[in-house]
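Everything on this sheet refers to the single structure shown next.
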Amino acid sequence: MLRKVYNILTDKYEPALMKDGEVRVFNGVRFGAINGIIALRRKEKKGIPRKRPEEFIEYGKRLSGKVDVLLLHDSPWLEEYAGKIARDERTAAVAIAIYEARPKIVFCGHLHISPYTIHRFNFGTTYIHIDTSQKHKCYTILNTSSMKVEVWRDLEILTEISQYFPNKFTISTGG
């Protein structure tokens, strides 16, 4: 479905789904994307692209220095995920791609283990995982004018997380 949706609010009538390694600028903020899930065997399952770990890392390298915000589906392994997701070459490849791209912030989905996760990598990137599934119903709002990020569940704003954000970015939540 996402391959057929277009953003009619842009001058270029751009597809909603960004291509791997593509960079788009909205209100001066540079967004980049790496689609799909890392898999060791398949190229696609139920329309969802699968990438080998080295492909995922290569897209991270291509985006190096070019993006403020990185959009992903797959997740890296983090200490708070211990015992909940695999710590293997797939989750390592996501972490390496994030390191290579070095955005200010990463938004990602895929996991359904918690409503959201906020993690600050030691190289300065803030990672926000959001579970938009019916289980948690969370989403983020990024205002590119004020660089304010909010995490919501349904119509309720969640807890304050501003201490996780670098420099120009601020996160504001409360409820």
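Computed from the coordinates by the stated procedures, all read-outs in this text should not be read as laboratory data. These figures come from a predicted structure and were not determined experimentally. We place every Cβ from the backbone using ideal geometry, glycine too, and count neighbours over all the protein chains shown.
Here segment 2-134 is described by how far its Cα atoms reach on the three principal axes: 46, 35, 31 Å, from widest to narrowest. Diffusion of segment 85-151 by Stokes-Einstein, at 25 °C in a medium of 0.890 mPa s and with Rh set to the Kirkwood radius over alpha-carbon pairs, works out to 189 µm²/s.
Taking the number of Cβ atoms within 10 Å of each Cβ as an exposure proxy, the fewest-first ranking of 155, 72 is 155, 72. Across segment 138-155, computed HN-Hα scalar couplings (Karplus, 6.51 cos²θ - 1.76 cosθ + 1.60, θ = phi - 60°) run 9, 7, 10, 10, 10, 8, 6, 6, 9, 6, 8, 10, 10, 10, 10, 10, 6, 10 Hz from first to last residue, x flagging Gly and Pro. By the beta-carbon count within 10 Å of each Cβ, the least crowded to most crowded order of 123, 107, fewest first, is 123, 107.
If both residues of a DSSP beta bridge must be in segment 101-148, then about 60% of such bridges are antiparallel. Residue-wise HN-Hα couplings along segment 21-35, as the Karplus relation 6.51 cos²θ - 1.76 cosθ + 1.60 with θ = phi - 60° gives them from phi, are x, 6, 10, 10, 10, 10, 6, x, 9, 8, 10, x, 9, 10, 8 Hz; Gly and Pro carry x.
Extension gain, residue 27 to residue 54: 0.36 nm times the residue separation minus the Cα-Cα distance gives 6.5 nm.
For each pair in 45/135; 19/137; 46/135; 12/135; 46/137; 43/148, compute the distance between the two Cα atoms and list the pairs where it is over 28 Å. Result: 12/135; 43/148 exceed 28 Å. Straightening the chain between residue 43 and residue 66 buys 5.6 nm, computed as 0.36 nm per residue apart minus the Cα-Cα spacing.
For segment 19-87, a Kirkwood radius taken over Cα pairs fed into Stokes-Einstein (10 °C, viscosity 1.306 mPa s) yields D = 120 µm²/s. Using a cutoff of 8 angstrom between alpha carbon atoms and counting only pairs six or more residues apart, the relative contact order for segment 2-134 works out to 19 percent.
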